[in-house]
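Written below as structure tokens is the structure these notes are about.
Rule-based calculations on the coordinates, nothing more; no lab input. The structure presented is a predicted model; accordingly, all values stated were derived computationally and were not measured.
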Amino acid sequence: MNAAARALRDEDPPGLHALADRVMDVVRAEARFGRLLPLADPDRDLRIAESAAAKVLRQAADTVPGARAATCRLVPEGNGTDVRVTMTLAAALDRPLPDRVHQVRRTVLHSAGQDLGLTVTAVDITVADVLEPGPTPGPRLPTGGGA
């Protein structure tokens, strides 16, 4: 009996390598996509990769005229589903900067809740660059060919 028990202890348990491979796959995916953030769904344990959520929130910030998001970080807060957003952006100075930052913050909060289902506790925004005023779009002229 002792010999049989020793022989079993010396063998790798079946499936141990498969389990280790699955764990490492999850670790690699998390490193590639950033941390997994909890979504605000009380009935399910749903998560989204930080990189995917940050991309959506940068795109939302870019919809505000005169603002372009540069970076976006999302950090879980507390033990629940709360997330804090930290964003840097470039902004045009054609209107008061506090108004533009407030509009970006509102847009990001709306997108986080409506598009992603994230509970955002705060959106910290740092203006890191100034956007140069672009040319005013005018009517397009025909570029060739004739009638």
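For segment 30-97, what class follows from the C-alpha gyration tensor (a ≥ b ≥ c being the square roots of its eigenvalues): rounded when a/c is under 1.5, otherwise prolate if a/b is larger than b/c, else oblate? Prolate. For segment 120-132, 3J(HN,Hα) computed residue by residue from phi via the Karplus equation (6.51, -1.76, 1.60; θ = phi - 60°) reads 9, 8, 7, 10, 8, 10, 10, 8, 9, 7, 10, 7, 6 Hz, glycine and proline entered as x. Along segment 45-57 the Karplus relation, 6.51 cos²θ - 1.76 cosθ + 1.60 evaluated at θ = phi - 60°, assigns HN-Hα couplings of 9, 9, 9, 9, 5, 4, 4, 5, 5, 4, 4, 4, 6 Hz to successive residues, with x for each Gly and Pro.
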